[in-house]
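A.B. asks: Got a structure for you, written out below as structure tokens; questions coming shortly.
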Amino acid sequence: MISADLDEPLHVLDLPQIHTKPSGTEILRALDLLAIKPRSFSSKNHEAVKRPAVQPAGVTRYLTSFISSPLSWLDTDELREAVWDAAAARLSERSGRSAMPAMSRVFTTPSPWGEELTLTLHEPSLTADNLGMKTWVSSYLLSQRLHSLLESTPQLVPSTSTAPKRDRTLRALELGAGTGLVGLSFAAIRGSHASIHLTDLPDIVPNLSHNVALNVELLNKTNGTVTTGVLDWTVTPNPLPTAAEQYDVILAADPLYSPSHPKLLVDTITHWLSRGLDARVVLEMPLRDAYLPQVQELRDRMATLGLAVVDEGEEVGYDDWETADGGALAVRCWWSVWGWSEKL
């Protein structure tokens with residue numbers, strides 16, 4: 001683990017060395033230190049991300065050592081490719097490259113037992129037709145809240161709770177999973193007590209699956225179970241899901257960016273949410289002025305379906321897009337937990 005005073009520059013010899021066969025997570029965290037970071041999503045630190053500086057001496061040789069290594073001790077091809085890509089990107093930046101066409105980003109999320117969990121997510125180059133391959137501020141904020149929601153939502157109790165044990169594994173579904181930050185965080189926090197299925201549109205799922213493979217070390221460590229698949233909200237399941245196929249928990253972050261989405265989202269929840277006593281829907285979304293009518297429509301449709309808010313709140317995050325003057329872009333977000341109203 002890298003630990004250093006922010007005012008005291010590190011030497012490359014302080015970073016994980018290839019001859020020690022460090023884990024993929026350790027390597028990516030070290031390479032992350034050598035990058036020009038995007039702004040933080042966090043409301044606690046909306047300035048450029050601060051991290052230990054690394055002395056330039058020996059950095060090029062250090063990066064080249066990973067590019068030239070087969071990395072044979074790492075568990076998956078995806079993890080090896082992420083290391084090679086990150087090392088190559090750091091070299092490119094040192095050749096004057098100002099922006100990467102794609103990047104692997106490191107996120108941390110808190111757990112109920114006090115440990116910060118580290119996830120790596122690949123984000124392809126951003127174009128207008130693949131916005132689902134970017135990690136958005138509401139996903140980040142929800143990933144940071146999951147550990148506390150586990151304490152307050154009936155079937156999301158931590159594994160150390162004295163609550164009665166379920167006779168089966170909790171089943172969770174993420175809608176519009178994007179890069180997978182929320183779902184992977186949920187899997188790592190819940191471990192062997194839950195499984196989660198991450199879903200999105202056909203063009204998004206390959207990168208989503210790639211990110212699951214990137215985090216194999218964390219999932220193995222926490223016994224997290226994750227699957228991925230296509231789920232198109234415009235297509236009604238045929239046949240409709242049985243009670244056994246429905247999910248105890250549905251998660252969705254930033255799911256509204258079209259006037260048609262409130263109806264499509266609620267229709268999808270209708271099909272896939274269990275009618276059990278403790279079934280929950282957990283949502284987080286930005287309260288951008290242009291989409292406030294869709295947020296209200298969502299609330300109305302959820303109530304008509306028979307769902308009521310169990311818990312809710314607002315918080316501010318800072319998107320990693322900059323304003324025209326280079327400042328941080330504040331985004332007000334609304335999070336909510338819903339349950340069946342007649343059972344509350």
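Bear in mind that the values in this text are calculations on the coordinates, not laboratory data. None of the values given here were measured: they were computed from a predicted structure. Here Cβ is always computed from backbone atoms with ideal geometry, including for glycine, and neighbour counts include all displayed protein chains.
A.B. asks: So for the pair residue 53, residue 67, with labels modelled 7 Å out along Cα→Cβ, what separation do we get in nm?
C.D. replies: 2.5 nm
A.B. asks: Order these peptides, 273-279, 85-91, by their mean beta-carbon neighbour count within 10 angstrom, highest first. Don't skip to the answer; put the middle values down first.
C.D. replies: Details: 273-279: 17.0, 85-91: 20.6.
The densest-packed peptide leads the list: 85-91, 273-279.
A.B. asks: Sorted by average packing, counted as other Cβ atoms within 10 angstrom per residue and highest first, what order do 134-147, 67-80, 215-228 take?
C.D. replies: With the highest mean Cβ count within 10 Å placed first, the list reads 134-147, 215-228, 67-80.
A.B. asks: Which peptide among 330-340, 108-118, 174-184 comes first, and what is the full order, when sorted by highest mean count of other Cβ atoms within 10 Å?
C.D. replies: Numbers: 330-340: 19.0, 108-118: 15.1, 174-184: 28.0.
In descending order of packing, they fall as 174-184, 330-340, 108-118.
A.B. asks: Can you give the extra length, in nm with one decimal, that the chain gains between residue 288 and residue 148 once fully stretched, where that is 0.36 nm per residue apart less the Cα-Cα distance?
C.D. replies: Taking residue 288 through residue 148 to full extension adds about 47.9 nm, to one decimal.
A.B. asks: Take residue 342 and residue 330, extend 7 Å from each Cα along the Cα→Cβ direction, and tell me the distance between the two endpoints in nm.
C.D. replies: 4.4 nm
A.B. asks: Using 0.36 nm times the number of residues separating residue 242 and residue 220, minus their current alpha carbon distance, what extension gain do you get?
C.D. replies: Gain on extension, residue 242 to residue 220, equals 4.9 nm.
A.B. asks: How big is the stretch 185-334 by the Kirkwood estimate over distinct Cα pairs, in Å? Please report the intermediate quantities before stating the final value.
C.D. replies: Working: mean 1/r = 0.0576 Å⁻¹.
Across the stretch 185-334, the inverse of the average 1/r is 17.4 Å.
A.B. asks: Here's another thing I want to ask about it. Under a plain spin-label model, where a point goes 7 Å from the Cα along Cα-to-Cβ, how far apart in nm are residue 77 and residue 257?
C.D. replies: 3.0 nm
A.B. asks: Sort all Cα-Cα distances of the stretch 168-212 into consecutive 10 angstrom bins from zero, then give the percent of pairs in each bin up to the one containing the longest distance.
C.D. replies: 31, 53, 15, 1
A.B. asks: Gain in length, residue 169 to residue 92, computed as 0.36 nm per residue apart minus the alpha-carbon separation, to one decimal in nm?
C.D. replies: Extending this stretch completely gives an extra 23.2 nm.
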